[in-house]
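Student: Have a look at the structure that comes next, please.
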Amino acid sequence: MARILIVEDDEDIALVLTMLLQRNGHRVSSAPDGPTALRRAHEVRPQLIVLDIGLPGMNGWDVLSRIREVSDVPVLLVTAAGRDEDKVRGLRGGADDYLTKPFHNAELLARIDALLRRADGAEWEGSDVTHGGLVLSPTRGVVTMDGQDVRVTPLEFRLLAVFLRHVGQVLTPAQLLSAAWGDDSGTGQDRVKFAVLRLRRKLGWEEASHSPLQAVRGIGYRLDASEDAHI
Ligand code: CA
């Protein structure tokens, strides 16, 4: 039995797959699009992901690369027939196996079993990221500051993870919207401003002039590398 996340926008296919996997003893969650998939993945930390490439909005490639930033969870890519170039791209991009629609249930189950066996119980193993007294644990989905739990929303968690991956680098609101919200439209940049303000408050970094999380006027935001001075 394993926790499996199905990422599929076609409701009928998602339902059929869910029932099939449940009948085979797995615990299944599903997501119809990329942003939902990433949220679910953080919540349930699946042991395997079945990922459709053809998704509306954020496509399967983007979902795959975002997942690979935080986990080595086995990913089985599913793509439309006749797109063999997807296979190479998928395997290069960190997918573990590849299946072309339409496929037989037995083949899907066999591949899933093989992946789970090979992964040998590997779960979300992104190691903790630390920054001074701050610890972000992708495995447990929690943030602590000086050992105390900090309650953050899944969005704030993703936003903080983005800053921690790019310490010292100025990130534009558009980059942050894309990386943390999964929104490539570049509009609604006030969302970033308010989320940064909330994060600062929750982390005890609200003192604007000394905050490690700085607004860089006219450009964006930066998490300072000189952590010891601040935290
Ligand atoms: Ca699809």
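Student: Can you go through GLY60, GLY147, GLY82 and tell me which one is at positive phi and within 16 Å of the ligand (Cβ to nearest atom)? Can you show your working first?
Tutor: Values: GLY60 fails: at positive phi; GLY147 fails: within 16 Å of the ligand (Cβ to nearest atom).
Being at positive phi and within 16 Å of the ligand (Cβ to nearest atom) holds for just one of GLY60, GLY147, GLY82, which is GLY82.
Student: Taking the conditions exactly as written (at pLDDT 85 or above, more than 25 Å from ALA41 (Cβ to Cβ), over 21 Å from the mean Cα position of the chain (by Cα) and β-branched (Val, Ile, Thr)), does ILE231 satisfy them or not?
Tutor: On the way: at pLDDT 85 or above: no; more than 25 Å from ALA41 (Cβ to Cβ): yes; over 21 Å from the mean Cα position of the chain (by Cα): yes; β-branched (Val, Ile, Thr): yes.
The answer is no for ILE231.
Student: I need a count of the residues in region 128-141 that are among the β-branched types (Val, Ile, Thr) and closer than 17 Å to ALA180 by Cβ. Write out each step before concluding.
Tutor: Pass one, region 128-141, residues among the β-branched types (Val, Ile, Thr): 129-130, 135, 139.
Then drop every residue that is not closer than 17 Å to ALA180 by Cβ, which leaves 129.
Adding up the residues that qualify gives 1.
Student: If you don't mind, there's one more thing I want to ask. Of everything in region 38-57, what is free of Cβ contacts under 8 Å to residues at least 60 places away in the same chain and either of a type in the set (Ser, Thr, Tyr) or within 16 Å of the ligand (Cβ to nearest atom) (or both)? Give them in sequence order.
Tutor: Scanning region 38-57 gives ILE49, LEU51, ASP52, ILE53, GLY54, LEU55, PRO56.
Student: Can you pull out the residues in region 127-158 that are at pLDDT below 90, farther than 17 Å from LEU5 by Cβ and of a type in the set (S, T, N, Q)?
Tutor: Residues satisfying the conditions are SER127, THR130, SER137.
Student: In region 94-126, what count of residues is obtained for those that are at pLDDT below 80, farther than 17 Å from ASN24 by Cβ and buried (at least 16 other Cβ atoms within 10 Å of the Cβ)?
Tutor: Residues that pass the stated criteria total 2.
Student: With the structure loaded, tell me whether ARG45 is on the phi > 0 side of the Ramachandran plot and either in contact with a strand residue (DSSP E or B) (Cβ under 9 Å, 6 or more places away or on another chain) or basic (Lys, Arg) (or both) or whether it fails that test. I'd like the intermediate steps shown before the answer.
Tutor: On the way: on the phi > 0 side of the Ramachandran plot: yes; either in contact with a strand residue (DSSP E or B) (Cβ under 9 Å, 6 or more places away or on another chain) or basic (Lys, Arg) (or both): yes.
Here the answer is yes, as ARG45 does meet what is asked.
Student: Kindly indicate the residue of region 70-92 that is part of a loop (DSSP other than H, G, I, E, B) and surrounded by 16 or more Cβ atoms within 10 Å (Cβ to Cβ) and also modelled with the lowest pLDDT among those meeting that condition.
Tutor: At the first step, the residues of region 70-92 found to be part of a loop (DSSP other than H, G, I, E, B) are 71-74, 80-83.
Among the residues that remain, those that are also surrounded by 16 or more Cβ atoms within 10 Å (Cβ to Cβ) are: 71, 73-74.
On the way: SER71: 81, VAL73: 87, PRO74: 91.
This residue is SER71.
Student: Taking the conditions exactly as written (out of contact with any strand residue (DSSP E or B) (no Cβ under 8 Å at 6 or more places or on another chain) and within 16 Å of the ligand (Cβ to nearest atom)), does ASP113 satisfy them or not? Talk me through it step by step, then tell me what you get.
Tutor: Working: out of contact with any strand residue (DSSP E or B) (no Cβ under 8 Å at 6 or more places or on another chain): yes; within 16 Å of the ligand (Cβ to nearest atom): no.
Answer is no for this residue.
Student: Still on this structure, please answer the following. Give the residues of region 1-59 that are of a type in the set (A, V, I, L, M, F, W, C), in a helix (DSSP H, G or I) and within 14 Å of the chain's Cα centre (by Cα), sorted by residue number. First the steps, then the outcome.
Tutor: Step one: filter region 1-59 for residues of a type in the set (A, V, I, L, M, F, W, C), giving 1-2, 4-7, 13-17, 19-21, 28, 31, 37-38, 41, 44, 48-51, 53, 55, 58.
Adding the requirement that they be in a helix (DSSP H, G or I) leaves 13-17, 19-21, 37-38, 41, 44.
Correct list: ALA37, LEU38, ALA41, VAL44.
Student: Taking the stated definitions as given, is VAL196 among the β-branched types (Val, Ile, Thr), farther than 21 Å from GLU43 by Cβ and assigned to a loop (DSSP other than H, G, I, E, B)?
Tutor: no
Student: Scan region 13-37 residue by residue and report those that are within 11 Å of the ligand (Cβ to nearest atom) and not small (Gly, Ala, Ser).
Tutor: Quick first cut of region 13-37, residues within 11 Å of the ligand (Cβ to nearest atom) only: 13-14, 32-33.
Hits for region 13-37 are ILE13, PRO32, ASP33.
Student: Look at ARG83 and say whether it is touching a Gly at 6+ places or on another chain (Cβ under 7 Å) and assigned by TED's automatic domain parsing to the domain that holds GLU11. Write out each step before concluding.
Tutor: Numbers: touching a Gly at 6+ places or on another chain (Cβ under 7 Å): no; assigned by TED's automatic domain parsing to the domain that holds GLU11: yes.
No: the conditions fail for ARG83.
Student: Return yes when TRP181 is aromatic (Phe, Trp, Tyr) and over 26 Å from ASP52 (Cα atoms) and no when it is not.
Tutor: On the way: aromatic (Phe, Trp, Tyr): yes; over 26 Å from ASP52 (Cα atoms): no.
Criteria not met by TRP181.
The values are calculated or read from the model by the stated rules, or taken from the named source; none is laboratory data. In this text, all values refer to a predicted model and were calculated from it rather than measured experimentally. Using ideal geometry, Cβ is built from the backbone for each residue, glycine included, and neighbour counts are taken over all protein chains shown.
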